[in-house]
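Undergrad: Please find one structure pasted underneath; my questions will follow.
The values are calculated or read from the model by the stated rules, or taken from the named source; none is laboratory data. No experiment lies behind these values; they were computed from the predicted model shown. We place every Cβ from the backbone using ideal geometry, glycine too, and count neighbours over all the protein chains shown.
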Amino acid sequence: MITQKSAETLQFGRDFARKVPAGAVLALYGDLGAGKTTLAKGFISALTSLPETEIQSPTFTYLNIYDERVFHFDLYRLKGENDFVEMGFTDFLSKEGICLIEWPERIEKLLPKETIFIELFHEKNGKRRIHVHSF
Ligand code: ADP
Ligand code: MG
């Protein structure tokens with residue numbers, strides 16, 4: 001899937017939200033600026049009916065919770081798995097709600113085997129390539 005601009009990545013997130021079952025863990029991979037948060041904004045707004053402008057990446061707090069059932073992690077600043085465990089975050093991975101995880105590299109060993117992997121790549125002229133797979 002190629003998106004031409006951020007509005008299309010938002011829309012991809014919105015559409016994807018309708019296909020994902022409760023309890024899913026989505027690991028969002030991609031460089032800084034690849035569009036992980038943009039996709040998450042579309043996804044979360046579809047599930048909560050909050051406007052995208054009110055959805056921010058939890059860069060400093062690691063986790064934002066929406067309606068007790070959408071868990072948006074940004075683990076960029078996390079040092080590793082141990083910190084995630086010590087902060088009591090592991091339980092969220094097995095809850096009924098949906099986890100969206102930016103920088104899942106930080107906790108790769110903790111990701112459940114049913115995790116859905118979403119990778120975003122920079123392409124030329126503001127385009128992004130989005131690749132979804134699960135094992
Ligand atoms: P990340 O969370 O991966 O660091 P963000 O979603 O925060 O990335 O930022 C992506 C930036 O790139 C935003 O400023 C967005 O407007 C811009 N952008 C340009 N084209 C696209 C596109 N096709 N998809 C997503 N974002 C895009
Ligand atoms: Mg981000």
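Undergrad: If a residue must be closer than 26 Å to Lys95 by Cα and loosely packed, with under 15 Cβ neighbours inside 10 Å, how many such residues does segment 108-132 contain?
TA: The number of residues fulfilling the criteria is 7.
Undergrad: Can you work out which of the residues in segment 53-71 that are crowded, with 16+ Cβ neighbours inside 10 Å and touching a Lys or Arg at 6+ places or on another chain (Cβ under 9 Å) is farthest from Glu102 (Cα to Cα)?
TA: Of everything passing the filter in segment 53-71, Ile55 is farthest from Glu102 (Cα to Cα).
Undergrad: Would it be correct to say that Leu78 is modelled with pLDDT of 95 or more and either surrounded by fewer than 17 Cβ atoms within 10 Å (Cβ to Cβ) or assigned to a loop (DSSP other than H, G, I, E, B) (or both)?
TA: Yes; evaluated as a whole, the condition is true for this residue.
Undergrad: What pairs come out if I take residues in segment 13-35 that are of a type in the set (D, E, K, R) and pair them with residues that are modelled with pLDDT of 95 or more and not in a loop (DSSP other than H, G, I, E, B) whose C-beta lies under 7 Å away, six or more apart or interchain?
TA: From segment 13-35, the pairs are Arg14/Gly42; Arg14/Phe43; Arg14/Ser45; Arg14/Ala46; Arg18/Ala46; Asp31/His122.
Undergrad: Further, regarding this structure: Can Ser45 be described as within 14 Å of ligand 2 (Cβ to nearest atom), touching a helix residue (DSSP H, G or I) at 6+ places or on another chain (Cβ under 7 Å), of a type in the set (Ser, Thr, Tyr) and modelled with pLDDT of 95 or more?
TA: Answer is no for this residue.
Undergrad: Across segment 86-104, what is the total count of residues that are assigned to a helix (DSSP H, G or I) and either surrounded by 13 or more Cβ atoms within 10 Å (Cβ to Cβ) or without any contact (Cβ under 8 Å) to a residue 12 or more places away in the chain (or both)?
TA: 6
Undergrad: Looking for something surrounded by fewer than 18 Cβ atoms within 10 Å (Cβ to Cβ), more than 18 Å from Phe117 (Cβ to Cβ), more than 13 Å from ligand 2 (Cβ to nearest atom) and modelled with pLDDT of 95 or more - is there at least one such residue anywhere in segment 22-38?
TA: no
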